[in-house]
Amino acid sequence: MAKVLLDPITRIEGHLSIELDVQNGKVVDAKSRGDMFRGFEMILKGRNPVDANQITQRICGVCPISHGLASSKCLDDAFGIKPNKNGRILRNLILAANYLQSHILHFYHLAALDFVDITAILQYKGSDAGLVKLKEWAKNELQVKKGRVDAISTVGPFLPRYGGLDGGGHYIKDVDTNISAIAGYVKALDIRMKAHKMVALFGGRVPHAIGLVPGGVTQVPTSSNIREYKKLLKEVEKFVNTTYTDHIIAVAKTFPEYFTLGKYSNFLSYGVFDKDEDRKEYMFEQGVVYGGAKLEKFDSAKIREQVKYSRYNSGSNLHPLKGETNPDPRKGGAYTWLKAPRYNEAPMEVGPLARVAVAYLSGNKAVKNELDAVLKIFHADVPAAFSVLGRHASRLIEAKLIAKQAYGWLDELEKGGAPRSTYDIPDTGEGEGITEAPRGALGHWIVVKGKKIENYQCVVPTTWFCGPRDDRGVKGPVEEALMGTPIADNNNPIEAARVVRSFDPCIACAVHVVEGDKEIGTFKVC
């Protein structure tokens, strides 16, 4: 049996390492290790409750909109208020734009390079300015000798690569497909910028929106900002429905075995994109799925966090309203700073695949039509979607449906109408704010005493799926999804990296402050 360590996992947000036991070319055990300490709950204690709305957005520069929205809903609940119609719709539009940029970011700038051969750019003969510039970069970083690519440097965002610089057979072979995907990579940078502008139109700025507040948002909808949002949305939607779609299909056709890898079948969705101010209906439904087939109603009272293998001496199996954040970096047997969230004692995958699975089994016709269309292309059934490729396809499905729905929300806005409800901070109160970040189920919980924060707890998507074994020794979703993954080369375990990245981990959300006694690197500053 061989020990294989992926440390760090690159092209994710934050610092995550994966420890594998590999026997006869397959993963037989795995540990997911978050190598940073979580501390925002300690920072928030004793502050004005409204401060949480802005401070929690600083947990992450990739997911701040989701944290701002979860915090706003948490404060809504604690203050006993609801958003008005404009506030609800504007929150949906801000989050929709963030979803679009996040899903595009994940595929093109984080995950696609597991499949696309970046060295194909050396064969580009066109005149596209972005690709010409990228080709010049490649020439400076690589040298071509008699048809062979050799390294002259290991700096830059694309190097080093798995399997050596020839790719070791790990990448798409067709040159035209690679060039098209590389062009998509470059174009996606511009498209993401446009999606960020959409966020800023109603949220005030990116990455940390100043416009998300209890009761709604601060920006009054006008004909001008509605018109500009719609203009940008058309460009983003076109990219999603053409370029993004084509490249997801190309990857799936080249690597169909990833419909059988990274399998998991317990799913949880809090529901997202409110259809009403009472939050009883959602565009993507609430629900819990066991074993890929059994759908049950969601009940937030069944959420617990366990810490037997986490570096905390906090009480275990606590609901977040009673949650504790007591770090213990030298705790025996612990191997991560992530806690182990459980729903009704079961580990749960959260994220786009979970939302699609819950919506599909809930009878959501739009989701069903899109997923059935994708599966038909590959002659696959629904269980095949519970996989690496299923996660990528689910992000595409969501992006298509969200872009389409956003036009309806724009039409529903009352121009010039109040964008929020008013509020008073109570002396005491408790609040729960649950939503869905692009990466999955996100919850904030607050306890207010004397108009100050007595306790604040966040349970984020990556804690759900990258968490460790629980108190009973049951693996977390990423750990379990890695079981049976074939590893062709223990020195280049790209297969495992593809499984982990398909979840889109955001360790900055799950843990927030670097562990002080762990050396990350040595740098010379001139």
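The values are calculated or read from the model by the stated rules, or taken from the named source; none is laboratory data. Bear in mind that the values here come from a model prediction, so they are computed numbers and not experimental data. So basically every Cβ, Gly included, is an ideal-geometry build from the backbone, and we count neighbours across all protein chains shown. Side chains included, ligands, DNA and RNA excluded: accessible areas come from the protein's heavy atoms. Shrake-Rupley method; radii C 1.70, N 1.55, O 1.52, S 1.80 Å.
Among residues of segment 129-140 that are surrounded by fewer than 18 Cβ atoms within 10 Å (Cβ to Cβ), those with a Cβ under 8 angstrom from a residue that is in a helix (DSSP H, G or I) and among the charged types (D, E, K, R), sequence gap 6+ or separate chain, pair up as G130/K187.
The single condition among (1) open to solvent by less than 40 Å² (accessible area, probe 1.4 Å); (2) of a type in the set (D, E, K, R); (3) in a strand (DSSP E or B) that E398 does not meet is (3). Is there a residue in segment 132-147 that is modelled with pLDDT of 85 or more, out of contact with any Lys or Arg (no Cβ under 8 Å at 6 or more places or on another chain) and not charged (D, E, K, R)? Checked against the condition, which is being modelled with pLDDT of 85 or more, out of contact with any Lys or Arg (no Cβ under 8 Å at 6 or more places or on another chain) and not charged (D, E, K, R), segment 132-147 yields at least one hit.
Picking from residues in segment 302-321 that are within 19 Å of H444 (Cβ to Cβ) and at pLDDT below 95, the one that is surrounded by the most Cβ atoms within 10 Å (Cβ to Cβ) is Y312.
Checked against (1) closer than 23 Å to F40 by Cα; (2) surrounded by fewer than 24 Cβ atoms within 10 Å (Cβ to Cβ); (3) touching a residue at least 40 places away in the same chain (Cβ under 8 Å), K404 passes all but condition (1). Scanning segment 266-295 for residues that are outside any loop (DSSP other than H, G, I, E, B) and either surrounded by fewer than 13 Cβ atoms within 10 Å (Cβ to Cβ) or of a type in the set (K, R) (or both) gives a single hit, K294. Restrict the check to segment 424-432 and report whether at least one residue is buried (at least 21 other Cβ atoms within 10 Å of the Cβ), out of contact with any Cys (no Cβ under 8 Å at 6 or more places or on another chain) and either touching a residue at least 12 places away in the same chain (Cβ under 8 Å) or within 30 Å of V500 (Cα to Cα) (or both). No, segment 424-432 has no match at all.
Results for (1) assigned to a strand (DSSP E or B); (2) surrounded by fewer than 19 Cβ atoms within 10 Å (Cβ to Cβ), shown as yes or no for each residue.
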position: I18; (1), (2): yes, no
position: D21; (1), (2): yes, yes
position: V28; (1), (2): yes, yes
position: R33; (1), (2): yes, no
position: M42; (1), (2): no, yes
position: N48; (1), (2): no, yes
position: N53; (1), (2): no, no
position: T56; (1), (2): no, no
position: V62; (1), (2): no, no
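The set of residues in segment 300-336 that are part of a loop (DSSP other than H, G, I, E, B), of a type in the set (D, E, K, R) and in contact with a Phe, Trp or Tyr (Cβ under 9 Å, 6 or more places away or on another chain) comprises R311, E324, D328, K331. Hey, could you check segment 433-471 for residues that are closer than 15 Å to F79 by Cα and part of a loop (DSSP other than H, G, I, E, B) and say which is most open to solvent (accessible area, probe 1.4 Å)? Step by step, filter segment 433-471, then rank; the result is K451. Residue pairs whose Cβ atoms lie under 7 Å apart, sitting 6 or more positions apart in sequence or on different chains, and linking a residue in segment 359-379 that is free of Cβ contacts under 8 Å to residues at least 12 places away in the same chain to a partner that is surrounded by 21 or more Cβ atoms within 10 Å (Cβ to Cβ), are K368/Y360; L375/A385.
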